[in-house]
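Supplied in structure tokens, the structure appears directly below.
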Amino acid sequence: MKHLRVVQPQCKHLWRALERRAQTGQTSQMVFLQGGEFTMGSDEPVFVADGEAPARRVFLDGFYIDVHEASNAEFQKFVESTGYKTEAETFGDSFVLDSAISEATKSGITQAVAAAPWWLPVKGADWRHPEGPDSNIDDRMDHPVVHVSWNDALAFCKWMKKRLPTEAEWEYACRGGLENRLFPWGNKWNPKGEVRANIWEGEFPSKNTAEDGFIGTAPVTVFHTSKFGLKNMIGNVWEWTNDWWTTQHSNKGVMVDPKGPPQGTDKVKKGGSFMCHKNYCYRYRCAARSQNTPDTTAYNVGVRCASDTLPSDSVLVGNYTAGHQECWIWVRFSSPYL
């Protein structure tokens, strides 16, 4: 085992935790965010109807969150262990982008979403068959799992001994300690010409020029690592949160660990996806948000888990505060994800 011993007193617990886990080969990586106060939302909303405003002060206790979105490989382990059947499999279909579907599959489709005709209900589309029954994930095991509903995401996180992040936790993680910025790294989309996220390049929905290197999803470990040590907090796939949807927010005082309304009809998802374009779905911003019913599944929706404690089969790879102070301990594992 290779290691870099951390000398700061506040980091000793990380060293001990990793040393205990170094020989186990676990693949689930998490960071600990120490929490604190931050500004959630925006006073300059792009989509007013989405409830992005107002900007409001929020205090969060510390929490753990996965470094990356759940991959097909991780979700497959969950299914193999539990026999779980996703809602897309149960319902028999799921929504897929029209340009991603084969002509053979498309020929049997007679319906579309009137307000978004590029969305087609495809029979046999599910997490194993993202574009329909004639597709597979054999060469995409390191890509994010898709076609998972909120209910599926919750079941997966529980199996991982974790939970879904609250919307506030997710946004705190996305912002990476920066205040009033659009993206995890600031306000410039491609600083110094560097591609940092997977979105729709070109003209939506007619042409994706794939300037970021990907037409569809990208592996969960590629692109920019945020100041909180996280991957793909924006773009790639939408990520479910635990909160019920509301567009009514108060900016009076400081909210402590908000968890959203006690009930509702839709759940909040965050982060945008590879299908987002500035002229259509400019929701690949930390303050942006969207919603769907808990049983909704689609080609661009996945999951990232959080936790109050570090699960025994997860590896802690960083400890962060809003000031970006971090404790890194490098270990050599046999896992292909490390």
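The values are calculated or read from the model by the stated rules, or taken from the named source; none is laboratory data. Predicted model, so just to flag it, every value in this text is computed and none were measured. Note: ideal-geometry Cβ built from the backbone for every residue, glycine included; neighbour counts use all protein chains shown.
Would you mention how many residues in region 142-190 are part of a helix (DSSP H, G or I) and within 17 Å of P311 (Cβ to Cβ)?
Counting residues in region 142-190 that are part of a helix (DSSP H, G or I) and within 17 Å of P311 (Cβ to Cβ) gives 8.
Of a type outside the set (S, T, N, Q), over 30 Å from A125 (Cα atoms) and at pLDDT 95 or above: does that describe G35?
So G35 does not fit the description; no.
Please find, among E19, E69, E74, the residue that is closer than 26 Å to P311 by Cα, modelled with pLDDT under 95 and acidic (D, E).
E19
Please work out which one of (1) over 19 Å from A153 (Cα atoms); (2) surrounded by 15 or more Cβ atoms within 10 Å (Cβ to Cβ); (3) touching a residue at least 60 places away in the same chain (Cβ under 8 Å); (4) among the aromatic types (F, W, Y) is the condition F223 fails and give its number.
Status for F223: all satisfied but (3).
Mind listing whichever residues of region 43-83 are over 21 Å from the mean Cα position of the chain (by Cα), closer than 21 Å to P165 by Cβ and part of a loop (DSSP other than H, G, I, E, B)?
Correct list: A55 only.
Another question, then. Among (1) farther than 27 Å from S28 by Cα; (2) modelled with pLDDT under 95, which single condition is G260 missing?
Only one criterion is unmet by G260, namely (2).
Go through region 101-120 and report how many residues are surrounded by fewer than 20 Cβ atoms within 10 Å (Cβ to Cβ) and farther than 21 Å from C276 by Cβ.
9
I need a count of the residues in region 165-193 that are among the acidic types (D, E) and either closer than 12 Å to T39 by Cβ or without any contact (Cβ under 8 Å) to a residue 12 or more places away in the chain (or both).
2
Applying the selection to region 44-69, what residues are in contact with an Asp or Glu (Cβ under 9 Å, 6 or more places away or on another chain) and of a type in the set (D, E)?
Across region 44-69, the qualifying residues are E44, E52, D61, E69.
Let me ask something else about it. Among the listed residues L178, L154, L164, identify the single one that is more than 22 Å from T297 (Cα to Cα) and either modelled with pLDDT of 95 or more or not aliphatic (A, V, I, L, M) (or both).
Within the list L178, L154, L164, the selection yields L178.
Looking at region 89-96, is at least one residue at pLDDT 95 or above, of a type in the set (S, T, N, Q), touching a Ser or Thr at 6+ places or on another chain (Cβ under 8 Å) and surrounded by 20 or more Cβ atoms within 10 Å (Cβ to Cβ)?
yes
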